[in-house]
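Written below as structure tokens is the structure these notes are about.
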Amino acid sequence: MLEDISPEQIKDQFKKNRNLRISTYVVGGVVVLILGYFAYRQFMFNPGNEKSKEGYYTGLNFAAADSTDAAIDELRPFVNKNDGYVGGEVAQFVLARQLMAAGEFTQAINELEGVDVDDTYLQAMSVGLIADCYSEMEKYQEAAETYLEAAEINENEMTSPMYLMKAGLCAEQLKDFETAATCYNRIKDDYPSFAGTKSIEKYIARAENSKTE
């Protein structure tokens, strides 16, 4: 049976429950694995970017160890020096993530908007992190719109349903239950594996019921 959850309870869950909180960041170890693979592939196939590897891994290692301030200090000058190279663009993504961890959300957005890569997964993650920043600043309209943008980039079973879920939660914050229901139903129809793990029917019912209140 669906819980009778009020808008205030949604807000409380949104802020306090780590499983429902919008800003479920990509944490250190996962970042290292994804970016390590991405950087390896790019450097292997783009020898001209070899020089941009210099100094890159030091900052990445600080990030992996959750040494936020050290990572920012290492990565910022490296990004400025290697802008336009693969290593510089990946480092800029990592720098933005560290700025988010430090609560510098506006600076993080500025860095993420400057990330220019061919890899569509990293593109989606960059846009998704911009949306995370907006949600942390309680700019839920901008966050919802940006999550939907991220969900459309390289539609896949990992990032697309995750960002649709976050868009739906933001829409609920705005009491836009029509959009929330649309997001949740799309997850149910297009991404059943993700939908099953998130008990999506509960969210659909909550949004649909709230539309009629």
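No lab work stands behind these numbers, since they all come straight from the coordinates. Keep in mind that what you see is a predicted model, and the values were worked out from it rather than measured. Glycine gets a Cβ as well: all are built from the backbone with ideal geometry, and neighbour counts include every protein chain shown.
Just need log10 I(q)/I(0) for segment 140-213 at q = 0.16, 0.19, 0.23, 0.24 Å⁻¹, Debye formula, equal scatterers on the alpha-carbon atoms, no solvent, rounded to two decimals.
-0.47, -0.67, -0.95, -1.02
With label points built 7 Å along Cα→Cβ from the Cα atoms of residue 201 and residue 155, find their separation and express it in nm.
For residue 201 paired with residue 155, the spin-label model returns 2.5 nm.
Provide the gained length on full extension for the span residue 113 to residue 178, in nm with one decimal, where the gain is 0.36 nm per separating residue minus the Cα-Cα distance. Let's see the in-between values first.
Working: separation 65, 0.36 × 65 = 23.40 nm, distance 2.93 nm.
Result for the pair: 20.5 nm of gain on full extension.
Near residue 211, which aspartates and glutamates are there with a Cα under 17 Å away, not counting those fewer than 8 places off in the same chain?
Hits, sequence-local ones excluded: 3, 4, 8, 172, 176, 178, 201.
What share of all Cα pairs of segment 67-213, in percent, falls into each consecutive 10 Å distance bin?
Computed distribution, short to long bins: 13, 36, 30, 16, 5, 0.
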